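The values are calculated or read from the model by the stated rules, or taken from the named source; none is laboratory data. Just so it is clear, the model here is predicted, and its values are computed rather than measured. Glycine gets a Cβ as well: all are built from the backbone with ideal geometry, and neighbour counts include every protein chain shown. We work out accessible area using only protein heavy atoms, side chains counted, and drop any ligands, DNA or RNA first. Shrake-Rupley method; radii C 1.70, N 1.55, O 1.52, S 1.80 Å.
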Amino acid sequence: MNIAMTMSKPDLRHHLSSEVLSRKENPMKVVQRLSMRNSNMISLANGDPHFSLYPIRKVKFEVAPVSDEVEDPFMSWQNPNSPSISFSSSRSDISSKSLSSESIPLNAALQYHGGTGSDVFVHAMEELTNYYHNPPNHKCLNTLGNMDGIVKCFRLLANPGDNILADEFAFGPPTNAALSQGINWVPVRIDKGGLIPSDLEKVLSDWDEETKGRKPRVLYTVPCGQNPTGCTLNLQRRKEIYAIACKYDLVIIEDDPYYFLQYSDSDGDAVPSNLMPSFVSMDTEGRVIRVESCSKTIAPGMRLGWVVCSPMFYEHMLHLVESSAQFSHGFGQIFLSEMILGPQGWGVLGFDRWVQSLRKEYQRRRDHFQVIFDHEVASTGYASAEAPEAGMFLWIRIHLDEHPRFKLLPSRTADSKNGLIQGVPTIYGRKTNFLELMDEFFENCLNAGVVLTPSSVFALPYESSLFNTDDPLEDRINYVRATFAGPYETMEPGLKIVGQVLRDFFSSNE
Ligand code: PMP
Ligand code: PLP
């Protein structure tokens, strides 16, 4: 027997960095895994765009022959200096072939570049940005999508111990990522219209550096179809928030993947003039960093996006990019460049037509989902939700205060148990037993074959002793998030189960 095999392996965990040890499991992924518990489970949880919404039908790669008959693949490769790739669909083909064509040469796109990719790729990002946002004086730097863009912003702007402001319910992966960088979260109240400017101002004007540490200098926010609550900031709020940012010297990280999914009750098109102006479009002081993603307009697996920021922030972010992951993959560069600028591509106006039709399709899904929701779920009287103006999520309030086992806790309970979902922040001084009831409701849904995302996974992980102690977030976690991004076929069966689970749950006294 091999002697090495008989020896026990040493525990090498002491080699792990404190950054890694403070990293928590991503609660969204936990919910995703729960939804795979059995093959019949219907998931209304994750906002994954349905594959029918990707504009790509087929991708064809033409590569060097390497079969046994080929003695020397390199020599037999017809023209190694100008390989070809073609992207085709039943309606239009986009191809990137040779150095001599007007198309973006493959050779160039697959070569090394500066941190932001090939010139033509930068040009494509700028064309789109200028068409929709026309920012005063900004540059575009590529990313691998918004998660990557947001984390790059944190690394650009925050030191360990810094405080960052965010919507009190926020998309979990970025808020999770910040924790391992030693960032503390500061919640700002939201209502149906999104982040409340007066609450933002109050948090900043009341700030006491002795007890709370350094005053926040960064706001992370999702202005359209906020994930998870679905709310959208109106123009007035946007102006007020920008003015507060100028007054208190804040940088705004504008994470806006649902910008193109702004719905309209009239039949107006989603042309820029009908879309809510972004923060970056009004950014005269260079204090907005917009993170832009292809995940919802093309496909999440593209892992392609960019940040739009002032030349000063750009320069420093470029240093980070050039000494880490570098520019986006060549295929993504080719795709975006050919799509926007290539002779067979869509052009900006074609892109606009695509996102308009995408918006219409999501709006159809939203309306369809809402009708079923009203019929199957709201009709029970135990839950309610309003159709969102943008995005892919319905934020459903469960009327837990009417549950037979609802109770007010005798004294502030600061030691509530961890929920089903690991990583749920524990725990502020709460007054209700919402957490236990929500856990039970979530488990009942799973057992009945449907997954929703409980609001607790979005609760901002903040230091409870410092904020909102009179009105803790835990007493407002009686919500679940459902998505209408998934297949039509599962909407009705899924929501029927939710309605039945609610009826059973509200009639159970023990
Ligand atoms: N994790 C990551 C990192 C994501 O980008 C997404 C897509 N939003 C998800 C999970 C799925 O999250 P959601 O349910 O909010 O769409
Ligand atoms: N930010 C928000 C608010 C999201 O909802 C998502 C996912 O949809 C992301 C960021 C991550 O996007 P990406 O796939 O571009 O990393």
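Here are some notes:
- P(r) tail, the range 182-246: Cα-Cα pairs separated by more than 15 Å, 53% of all pairs.
- Above-threshold pairs, the threshold being 25 Å between Cα atoms, out of Lys192/Lys360; Lys60/Lys152; Lys152/Lys215; Lys192/Lys431; Lys139/Lys239: Lys60/Lys152
- Here's the picture: charge each Lys and Arg Cβ at +1 and each Asp and Glu Cβ at -1 in the chain, and of Tyr112, Val203, Asn46 the one pushed furthest to the positive end of that dipole is Asn46.
- Using 0.36 nm per residue and subtracting the Cα-Cα separation, the extra length available between Leu179 and Thr211 on full extension is 9.6 nm.
- A 1.4 Å probe run over the protein chains yields, for the range 185-267, 38 Å² of accessible area per residue, whole-number rounding.
- With Cα atoms, 0 to 90° folded angle of helix 146-157 axis to the chain main axis: 80 degrees
- Overall, the range 331-395 carries a charge dipole of about 180 debye about its Cα centre when +1 sits on the Cβ of Lys and Arg and -1 on the Cβ of Asp and Glu, all other atoms neutral.
- Distance between the C-alpha centres of the range 30-66 and the range 341-356: 24 Å, rounded to the whole angstrom.
- Taking Lys and Arg as +1 and Asp and Glu as -1, the other residues whose beta-carbon sits under 9 Å from that of Leu179 total +2.
- Rounded to the nearest 500, the 222 nm mean residue ellipticity of the chain from helices alone is -10000 deg cm²/dmol, with -39,500 (n - 2.57) taken per DSSP H run of at least 4 residues.
- Each residue, Asp374 and Lys407, gets one label point 7 Å from its Cα in the Cβ direction; the gap between the two is 3.8 nm.
- If the Kirkwood radius is taken over C-alpha pairs of the chain, then at 20 °C and 1.002 mPa s the Stokes-Einstein diffusion coefficient equals 86 µm²/s.
- The magnitude of the dipole of the chain, with charges of +1 and -1 set on the Cβ of Lys/Arg and Asp/Glu and taken from the Cα centre, is near 380 debye.
- Chain lengthening between His319 and Ser508 when straightened (0.36 nm per residue, less Cα-Cα): 62.2 nm
- Anchor Lys58: aspartates and glutamates whose Cα lies under 18 Å away (excluding residues fewer than 8 positions away in-chain): Asp93, Glu338
- Probe 1.4 Å - accessible area at His14, Å² to nearest ten: 140 Å²
- Nearest 10 degrees, 0 to 90: helix 330-341 Cα axis against the chain principal axis: 80 degrees
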